[in-house]
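Working notes, structure below.
Nothing in this text is a laboratory measurement; each read-out follows from the coordinates by a stated rule. It should be emphasised that the depicted structure is a prediction, and the values quoted were computed from it without experimental measurement. Cβ placement follows ideal geometry from the backbone for every residue including glycine, while neighbour counts extend to all protein chains displayed.
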Amino acid sequence: MNIVVVEKEISLANISEVAKEFYQPMVKGVVDIKKEVVAFGGEYHIDANQKLIERDSEQKDIWGFNIYLDRPRDAWIEYISLINIRPSAGNTDMEVGDAKIREKMKRIIDSKII
């Protein structure tokens with residue numbers, strides 16, 4: 001399974017390669033909004049989630065998303081994942097409900113993909 005952890009930057013071409021493994025033109029990912037690290041790939045969000053946990057991220061800081069590579073860049077992120085369901089944090093749905101968290105996710109994700 002090809003999961004890529006990105007601390008600095010990754011090319012769109014490399015993201016496209018990761019997407020080919022399971023869901024092209026979509027790629028699953030997770031972002032640690034505290035450490036500003038993103039993991040792309042895996043069959044399920046939990047696969048990438050586990051990679052960040054192994055790198056000392058905390059679950060409370062990790063949020064899941066999908067990127068649709070066939071959409072315009074300003075509309076390519078979908079903030080939906082089973083790992084986002086966390087009633088204790090006020091998120092009772094698969095979609096990230098907090099606009100501030102979504103904005104932070106978008107800023108981090110977009111900054112990593114060149």
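Worth pointing out:
- Put in order of Cβ neighbour count within 10 Å, fewest first, the listed residues 4, 18, 30 become 4, 18, 30.
- Proportion of all alpha-carbon pairs of the chain beyond 21 Å (%): 26 percent
- Projecting the Cα atoms of 29, 81, 113 onto the charge dipole of the chain, computed from C-beta unit charges around the Cα centre, puts 113 farthest toward the positive end.
- Our summary gives segment 1-90 a relative contact order of 26 percent, counting only alpha carbon pairs under 8 angstrom and 6 or more residues apart.
- Charged-residue dipole, Cβ positions (Lys, Arg, Asp, Glu), segment 4-112 about Cα centre, Debye nearest 20: 240 debye
- Per residue, the convex hull spanned by the alpha carbons of segment 9-61 comes to 73 Å³.
- Segment 49-61 - phi-based ³J(HN,Hα) in whole Hz, Karplus 6.51/-1.76/1.60, Gly and Pro as x: 4, 4, 4, 6, 4, 5, 9, 6, 6, 9, 3, 4, 9
- In a DSSP loop and with at most 10 other Cβ atoms within 10 Å, there are no chymotrypsin sites (Phe, Trp or Tyr not before Pro) in segment 16-114.
- Residue-averaged [θ]222 nm for the chain, counting only DSSP H segments that reach four residues, each worth -39500 (n - 2.57): -8500 deg cm²/dmol
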